[in-house]
Each structure stands twice: as C-alpha cells, then as structure tokens.
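Below: the structure, in structure tokens.
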Amino acid sequence: MLTQQVHQQFLAVRKKKTNYVRLVQLAILLLFFFLWEVAARLKWIDVLLFSYPTKVFKLLWDKLLDGSLLPHVGVTVVETIIGFVLGTLFGTALAVVIWWSPFLSRVLDPYIVVLNSMPKVALGPLFIVGLGPGLLSIIATTLSITVIITTLVVYGSFKEVDYNYVKVVTLFGGNQRKVFLKAILPASFPAIVSTLKVNVGLAWIGVIVGEFLVSQMGLGYLIIYGFQVFNFTLVISTLFVIAIVATVMYQIVSKLEKRMTKHR
C-alpha cells in the first residue's frame, strides 16, 4: 500500500513537471511570435524577406479555405512515410547482412563511409536521369539519406552487444542464427527503435530535397515556387507547415517507440 502511494506521488510530481515544461515551451513560442510581429511592425526587420506572423497565418488560412494547401501537404506526407518505412527496413536489413558476414563487412566498410560523407543533393540529377522526374526520384533521394544512416546506427548497435550474451547462446549449442535471434537482436532492439525517430527527420530532409529538384506538387515545390516569385511569406508559411507536420509525425513515432519498448 505504501509503495503504491509513493508511486502515485512520483507520477503526480512527474506530471506536474511535464506540464510546467509544456507551459514554458508554449510561452517561448508565443514570445517568439510576439517579438517577430513587433519587429516587423516597427520596421526592425525587412518584412519583404521575413514577413510577420499575422501575414503568415492569414496566407495559411486563405490556402486552407481555397483547398490549395492540403494537396501539397498530402503529397509530401505520403512521400515521407514511404521513404521513412523503406529507409528503415532496407537500412536494418543491410545492417543484418553486414553483421552476418564479417568478410562482407570489411569489403563494404569503405564504401559505406564514402556514401555517408557524400552530399546527397549531388545524387539528385543522377536519380532524375535514371528514374525520371517523379516519385521514384524523390523516394530514391530519401533512401540515399535514410538507408546509410540506419545501417551505420543499427550495425553499430550489433557490434556493441555484450559478448557474454553471445557466449551463453553459443555454449548452449546455438548457431549464428540463434545467436542473432536470441542475443544480438534483443539487445539491439532499443537502438533499432530509436532509429525510427532519427529517420523521421532524415526522411523529411530527403523528400524536401527531392521536391526541390523534380516535383510540381508538395511542400518542397511550394518553397521553390515562393522563392521564384519572390513571395517569402509563402516560403515561411510552408516552412511553418513542415514544422507542424514533422512534429506530429515525430510524436507519433515517439509514442510508438515507448509502446514497443514497454512491451519488452
């Protein structure tokens, strides 16, 4: 009974601290918008370049009412989800293959390092020529960013597993498959799940870069279009939408991570 009371008190204190953190975060955001609006109204900043919150919100509201915003959001979200899922699956699968074959690991190691250090935007024209100016090029650009990072993180977690776990499975007659399923994979599961949150941001980067290059729909296209017509309010409004949608996706993945780790 006493233990339950202590636990309830702990949860109440933690909830209070969480609410306080959320309140401070909201206050900082509101203060930022207020100072931005004041700076624009008093001509401290160039409103042509930096716009101001009320103008940004009005533009977003108008585009919501005329139905021109949501199709762009939908296209980008679908592309991001596809890139996120495929990047996580392919990256994890490649990490498993590399771990399974030490020879292959030594062969591919320098290539993975080079691919990771290479600016992915430079690969965009190659994807456009090879796959055409469409969805496939955007997904390929996204995968070029997410797959390598996922592979490096997951493979690194495989190598950091305590060797004693491997030794126990081996002593009981386990082969390489048993070692992986009973020792390596369970011990690396938190790291694998954590890459989901990393890949959300990477997938957004890849999709927006891909849309910069080839798309005629999507939030990346709106940014390029706004820049071309010198409508920086549209650019900032689109960035604001990206921040909101990316945050929502991140929170969904974060809750998924907590649920997956909780059941283990």
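The values are calculated or read from the model by the stated rules, or taken from the named source; none is laboratory data. Keep in mind the model is a prediction, meaning the values are calculated, not measured. In this analysis, Cβ positions are derived from the backbone assuming ideal geometry, glycine residues included, and neighbour counts consider all displayed protein chains. Accessible surface is based on the protein model in full, side chains and every heavy atom, while ligands, DNA and RNA are left aside. Shrake-Rupley method; radii C 1.70, N 1.55, O 1.52, S 1.80 Å.
Here the chain is treated with +1 on each Lys and Arg Cβ and -1 on each Asp and Glu Cβ, and its dipole about the Cα centre works out to around 1160 debye. Only protein heavy atoms count here; under a 1.4 Å probe, Lys258 has an accessible surface of about 140 Å². Highest mobility in the GNM of the chain, judged by mean-square fluctuation with C-alpha springs under 10 Å and restricted to Phe84, Phe57, Phe232, is found for Phe57.
Among the DSSP helices (H) of the chain, those spanning at least 27 angstrom by Cα along their long axis with an average Kyte-Doolittle hydropathy of 0.0 or more are 2-41, 70-100, 135-159, 185-213, 232-262; this is a geometric and hydropathy rule only. When the chain is treated as a Gaussian network with alpha carbon springs shorter than 10 Å, the biggest mean-square fluctuation among Ile82, Ile128, Ile45 belongs to Ile45. For Tyr20 and Thr247, the difference between the fully extended length at 0.36 nm per residue and the C-alpha to C-alpha distance is 79.7 nm.
The three principal axes of the C-alpha atoms in segment 30-98 carry coordinate ranges of 60, 30, 21 Å, sorted with the longest axis first. Taking amide H atoms as placed 1.01 Å from N in the peptide plane, the amide H of Gly174 has no partner under 5 Å among residues 5 or more positions away or on other chains. Based on the Stokes-Einstein relation at 37 °C and a viscosity of 0.692 mPa s, and on the Kirkwood radius from alpha carbon pairs, segment 111-163 is assigned a translational diffusion coefficient of 267 µm²/s.
One decimal place: the segment Trp44-Thr170 gains 38.5 nm when fully extended, by the rule 0.36 nm per residue minus the C-alpha distance.
By a 1.4 Å probe calculation restricted to protein chains, Asp162 has an accessible surface near 70 Å², given to the nearest 10.
Of the Cα atoms belonging to segment 194-235, the radius of gyration and Dmax stand at 12.2, 40 Å. Over all directions, the projected convex hull of the C-alpha atoms in segment 73-145 averages 5.3 nm² in area. Share of carbon and sulfur in the accessible area of the chain stands at 71%, probe radius 1.4 Å. When all alpha carbon pairs of segment 159-206 are counted in 10 Å bins from zero, the resulting P(r) reads 25, 38, 21, 13, 3 %. Kindly flag which residue pairs out of Lys43/Lys63; Lys17/Lys258; Lys63/Lys197 have an alpha-carbon separation exceeding 21 Å in this structure. Pairs exceeding 21 Å: Lys43/Lys63; Lys63/Lys197.
With the helix formula -39500 (n - 2.57) applied to DSSP H stretches of n ≥ 4, the chain reaches a computed 222 nm mean residue ellipticity of -28500 deg cm²/dmol.
Summary value for the chain: 24 percent relative contact order, contacts being C-alpha pairs under 8 angstrom separated by 6+ residues. Over all pairs of different C-alpha atoms, segment 157-256 has a mean inverse distance whose reciprocal, the Kirkwood radius, equals 16.7 Å.
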